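Participant: Before I ask anything, let me first share the structure, which is written out below as structure tokens.
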Amino acid sequence: ERLFEPIATDRRGEIPAGGEPYMMIPVLNWYRGKLTVFYQRQYIESAQRFEGVPALTAEQRAALDLFDELANDPALHVRMRLRPGDMQFVYNHSQLHDRTEFEDWPEPERRRHLLRLWLSPPGDRPLPHSFAERYGSIEIGDRGGIVTANTRLHAPLD
């Protein structure tokens with residue numbers, strides 16, 4: 001139940017015009033028959049540094065701890081290794097994902113290149129209104145993304 005209540009989550013500097021450095025958004029949402037998730041424990045913990053943020057309750061911490069325990073259970077997750085040229089598509093609204101540390105190459109031609117692309121095709125799931133706190137527009141086909149005063153849309157290969 002606690003994970004369905006809005007909880008302060010750090011924006012990590014990605015603050016839209018007129019916004020706070022944190023947002024109030026639930027970890028879990030039932031919306032139009034679909035369970036939608038938004039979770040990054042580190043962002044919840046780091047939001048506690050901001051003035052005016054409600055302190056996490058013991059019940060919320062217990063719920064977050066259980067969620068972490070389940071998410072980290074090897075029986076409930078998949079490990080994979082991406083190789084040069086591989087592409088991975090992850091549906092952020094229904095799948096949790098993370099990556100392990102890596103050591104990049106010093107030579108520019110061998111460096112890792114990560115391009116994040118947000119897709120919202122026709123027929124995509126509708127998002128709960130609270131997700132506008134994070135993504136701006138929640139309109140299917142025009143989900144906007146995180147746009148700040150310093151946003152520069154580019155994808156350099158060097």
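The values are calculated or read from the model by the stated rules, or taken from the named source; none is laboratory data. A quick note: this is a predicted structure, and the numbers were derived from the prediction, not measured. Methodologically, a virtual Cβ is constructed for each residue, glycine included, from the backbone with ideal geometry; neighbour enumeration extends over all protein chains shown. For the accessible areas, the whole protein counts, side chains as well, though only heavy atoms, and no ligand, DNA or RNA atoms are used. Shrake-Rupley method; radii C 1.70, N 1.55, O 1.52, S 1.80 Å.
Participant: Is at least one residue of segment 96-104 open to solvent by 80 Å² or more (accessible area, probe 1.4 Å), touching a strand residue (DSSP E or B) at 6+ places or on another chain (Cβ under 7 Å) and part of a loop (DSSP other than H, G, I, E, B)?
Facilitator: Scanning segment 96-104, I find at least one residue that is open to solvent by 80 Å² or more (accessible area, probe 1.4 Å), touching a strand residue (DSSP E or B) at 6+ places or on another chain (Cβ under 7 Å) and part of a loop (DSSP other than H, G, I, E, B), so the answer is yes.
Participant: Follow-up question, since we're still on this one. Pick from segment 84-95 the residues that are farther than 28 Å from Leu35 by Cα and modelled with pLDDT under 85: which of them is most open to solvent (accessible area, probe 1.4 Å)?
Facilitator: Per the criteria, the residue is Pro84.
Participant: From the list Leu96, Leu76, exactly one residue is touching a residue at least 12 places away in the same chain (Cβ under 8 Å) and hydrophobic (A, V, I, L, M, F, W, C). Which is it?
Facilitator: Of the residues listed, the single one that is touching a residue at least 12 places away in the same chain (Cβ under 8 Å) and hydrophobic (A, V, I, L, M, F, W, C) is Leu96.
Participant: For segment 121-138, what are the residues that are closer than 24 Å to Gly13 by Cα and either at pLDDT 85 or above or open to solvent by less than 40 Å² (accessible area, probe 1.4 Å) (or both)?
Facilitator: Leu127, Pro128, His129, Ser130, Phe131, Ala132, Arg134, Tyr135, Ser137, Ile138
Participant: Let me ask something additional. Of all residues being in contact with a Ser or Thr (Cβ under 6 Å, 6 or more places away or on another chain) and part of a helix (DSSP H, G or I) in segment 1-53, which is most open to solvent (accessible area, probe 1.4 Å)? Just the residue, please.
Facilitator: So the residue we want is Tyr43.
Participant: Same structure again: Check Arg125, Arg143 and return the single one that is in contact with a helix residue (DSSP H, G or I) (Cβ under 6 Å, 6 or more places away or on another chain), touching a residue at least 24 places away in the same chain (Cβ under 8 Å) and among the basic types (Lys, Arg).
Facilitator: Of Arg125, Arg143, the one residue that is in contact with a helix residue (DSSP H, G or I) (Cβ under 6 Å, 6 or more places away or on another chain), touching a residue at least 24 places away in the same chain (Cβ under 8 Å) and among the basic types (Lys, Arg) is Arg143.
Participant: Continuing with this model, one more query. Might you let me know whether segment 12-24 holds any residue that is free of Cβ contacts under 8 Å to residues at least 60 places away in the same chain, basic (Lys, Arg) and in contact with a Phe, Trp or Tyr (Cβ under 8 Å, 6 or more places away or on another chain)?
Facilitator: Within segment 12-24, one or more residues are free of Cβ contacts under 8 Å to residues at least 60 places away in the same chain, basic (Lys, Arg) and in contact with a Phe, Trp or Tyr (Cβ under 8 Å, 6 or more places away or on another chain).
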